[in-house]
Number of protein chains: 2
Amino acid sequence: MDIRSFLAHTFLFHSFTDKETDLLTASTSLKKVSKGEQIFSEGLEATAFFIVVSGKVKIYKLSPDGKEYTLHIHGPGEPVAEAAIFDSMTYPASCTALEDATLVRISREGFLDLIKKYPELSLKIMSGYSKRLRQFVAKIEELTVKDMKSRLARYLLENSVVENGKTVCHLTHSKKELSSLLGTIPETFSRTLAFFKQQKLVTENDNTIVIPDPKKLKLFSD
Amino acid sequence: MDIRSFLAHTFLFHSFTDKETDLLTASTSLKKVSKGEQIFSEGLEATAFFIVVSGKVKIYKLSPDGKEYTLHIHGPGEPVAEAAIFDSMTYPASCTALEDATLVRISREGFLDLIKKYPELSLKIMSGYSKRLRQFVAKIEELTVKDMKSRLARYLLENSVVENGKTVCHLTHSKKELSSLLGTIPETFSRTLAFFKQQKLVTENDNTIVIPDPKKLKLFSD
DNA sequence: GAATGTCCTTGACGTAAGTCAAGAGGCGTG
DNA sequence: CACGCCTCTTGACTTACGTCAAGGACATTC
């Protein structure tokens, strides 16, 4: 596994020069985790941040009564907890592996030394940073649209691709995970998808949703 | 109005040296807006960001059917749209003045020139940046806790202060604004507050909520 | 092959909260 | 003062969605 070339292709560092990437790589290590394993916990000192190489991890918070709220699911290429590195000290949420996963660990200390030494990196990183902010804005927008039909329709359309002239959405998460991502529970998710099927707005086989008429489905995504 | 000393006290720049603050001030100007006036609109080129000096502005997005969703209300001292500056180009949301307001305008160009020239500023700014991220996380957490009693109880407790041995919460926004901030409508807000009053958990006069027993109210904030 | 477990689906039910509608109180303007 | 306008409140109604419960499909293990 070549950490260096992997980092060069992440959106956070893709504009780094070769030399810059080399220097960054020096502060990294590989971390392999098994399904369900804790990667970091809310409140602990943030000694490093991560980028997912393979597998999936979820960022979540626990409410006082122990319920779990998924904030994000991160897959390959996505940085995790980089925000905590510039911060005073601690992770703002917890993270576990949804499946066996490999991550690049980037040490806080090495990272901070690097951008102190090569300040031009900051702008490149800031730009990546602000992209993350946009994601949060989108997430908030998503949650504020409270109707499940809207949220699901929007999700399907945003994650669809055209294949052989057909608009399809490959479900890359389990439906249970998807439910959590969309801010609901499996039952409601299932019912909403069933509604779309019954209305002939979508058909499903083998975890792929076919959308015969995207414009029709779009009517629900308001 | 002394922009320079104002900037020196904002959380984004408070760790700047005097000289740094002077340089920053050179790229700024004052902007006065009347209630309801547009400050910037979603999608437009981001030529500047702002810091609120006085008054209040709201950041919002419009859904396709024209409904307005408040993302934030920013008061004195808070930066607005700084995220857009590092970004490709455009404002991710719109902003209007909730009341007559004064803002410091910081030009994109001048700002970027400055941190290129004095790169050590980046770290200081990044730290401020990540604080904003935390706010978004908190907002998401807030929205994901879907019960209004919880959200209102939490809001009251988080914004309460102890005065003369009493725990009180001064409502600094109108109840209509508060509703939007808490992700609901005035009717529901009113009913929920009425419920708390009826349960003797709070009393209200003159836009100040008195919380006789915070622990009791806290039971609702889960 | 029976048993156990997980994921997904479907049904019945309850409830929080949005919609619609009406009215009270405050405030500024003609 | 009367009138319109806005904020806030309250009531009646409706609905989306979460909870509880049951059952089917499928894989894994003994």
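Descriptive notes on the structure:
- Residue ID - farthest from the other protein chains (Cβ to nearest Cβ), chosen from residues in the stretch B:197-221 that are within 13 Å of DNA strand C (Cβ to nearest atom) and touching a Leu at 6+ places or on another chain (Cβ under 7 Å): B:N207
- Search result, residues across the stretch B:138-184 that are within 16 Å of DNA strand C (Cβ to nearest atom), of a type in the set (A, V, I, L, M, F, W, C) and more than 19 Å from the chain's Cα centre (by Cα): B:V145, B:M148, B:A153
- Selection status of A:L62, at pLDDT below 80, open to solvent by less than 20 Å² (accessible area, probe 1.4 Å) and of a type in the set (A, V, I, L, M, F, W, C): no
- Scanning the stretch A:155-193 for residues that are within 11 Å of DNA strand D (Cβ to nearest atom), among the β-branched types (V, I, T) and farther than 22 Å from A:E99 by Cα yields A:T188, A:T192.
- Residues (more than 15 Å from B:R151 (Cα to Cα) and either in the same structural domain as B:L98 (by TED's automatic domain parsing) or not in a loop (DSSP other than H, G, I, E, B) (or both)) located in the stretch B:200-215: B:T203, B:E204, B:N205, B:T208, B:I209, B:V210, B:I211, B:K215
- Taking the numbered list (1) at pLDDT 85 or above; (2) touching a helix residue (DSSP H, G or I) at 6+ places or on another chain (Cβ under 9 Å); (3) under 30 Å from A:A46 (Cα atoms) in turn, B:N159 passes all entries but (2).
- Residue in the stretch B:162-175 that is at pLDDT 80 or above and touching a Lys or Arg at 6+ places or on another chain (Cβ under 6 Å) present: no
- Of all residues in the stretch B:8-37, those that are under 15 Å from B:I125 (Cβ atoms) have Cβ atoms under 6 Å from Cβ atoms of residues that are of a type in the set (S, T, N, Q), 6 or more apart or on another chain, in B:A8/B:T21; B:S27/B:S107.
Conditions tested, residue by residue: (1) over 21 Å from A:L143 (Cα atoms); (2) modelled with pLDDT of 80 or more.
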site	(1), (2)
B:M1	yes, no
B:E20	yes, yes
B:A26	yes, yes
B:V33	yes, yes
B:T47	yes, yes
B:G66	no, no
B:E78	yes, no
B:F86	yes, no
B:Y91	no, yes
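- If you go through the stretch A:1-18 and keep only what is exposed (fewer than 13 other Cβ atoms within 10 Å of the Cβ) and either within 16 Å of A:R105 (Cβ to Cβ) or in contact with a Phe, Trp or Tyr (Cβ under 9 Å, 6 or more places away or on another chain) (or both), you end up with A:M1, A:D2.
- Some residue of the stretch B:93-105 being of a type outside the set (F, W, Y), surrounded by fewer than 18 Cβ atoms within 10 Å (Cβ to Cβ) and either modelled with pLDDT under 85 or not assigned by TED's automatic domain parsing to the domain that holds B:K117 (or both): yes
- Residue count for the stretch A:152-199, restricted to those that are part of a helix (DSSP H, G or I) and open to solvent by less than 20 Å² (accessible area, probe 1.4 Å): 9
- Taken as a whole, the condition of being within 15 Å of DNA strand C (Cβ to nearest atom), modelled with pLDDT of 90 or more, farther than 24 Å from B:G36 by Cβ and of a type outside the set (A, V, I, L, M) applies to B:T188.
The values are calculated or read from the model by the stated rules, or taken from the named source; none is laboratory data. Only a predicted model underlies this, so the values are computations on that prediction, with no experimental measurement involved. Every residue, glycine as well, gets a Cβ built from its backbone with ideal geometry; the counts of neighbours run over all protein chains shown. Heads up: the accessible areas ignore ligands, DNA and RNA and are worked out on the full protein's heavy atoms, side chains in. Shrake-Rupley method; radii C 1.70, N 1.55, O 1.52, S 1.80 Å.
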